[in-house]
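First the structure, in the form of structure tokens, and then the observations on it.
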Amino acid sequence: MSAECSSYLNADKVLVSGFSCPRAGGDARAVFCCGFQDIKYCCDDPHSFFPYEHSYMWWLSVGALVGLSIAGVVLFAFIITVCVLCYLFISTKPRSKLDTGLSLQAAGKTSC
């Protein structure tokens, strides 16, 4: 089994001629054409060719990083808010119980 990687323009806009997989002197298991439209190579996974440019994946990675950063900041702000609210709740509690003015006495037996 072999695959043909068609010619393509790399990221520097230089034409790279097509080639067959597996390549001479390469891994015999690498029978599939893998990579992107602007970077192609031989590999052993039939599902590793992506029909867009490699830079597209870079922007997906940057987008994921920005999204995770925003989520981290929101989580950090939530934790700080909870800590501040807990501190305020604990620090504003009265230190001792209020004196109601009534003294409690043990109930004793009374004779009738």
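The values are calculated or read from the model by the stated rules, or taken from the named source; none is laboratory data. Keep in mind the model is a prediction, meaning the values are calculated, not measured. Quick note on the areas: whole protein, heavy atoms, side chains included, nothing else; ligands and nucleic acids left out. Shrake-Rupley method; radii C 1.70, N 1.55, O 1.52, S 1.80 Å.
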| said: Would you confirm, using the coordinates I've provided, whether residue 109 is open to solvent by 100 Å² or more (accessible area, probe 1.4 Å), of a type outside the set (Ser, Thr, Tyr) and modelled with pLDDT under 70? | reply: yes
| message | Could you check the stretch 12-54 and list, in sequence order, the residues that are within 28 Å of the chain's Cα centre (by Cα), open to solvent by 50 Å² or more (accessible area, probe 1.4 Å) and of a type in the set (A, V, I, L, M, F, W, C)? | response | 39, 49, 50
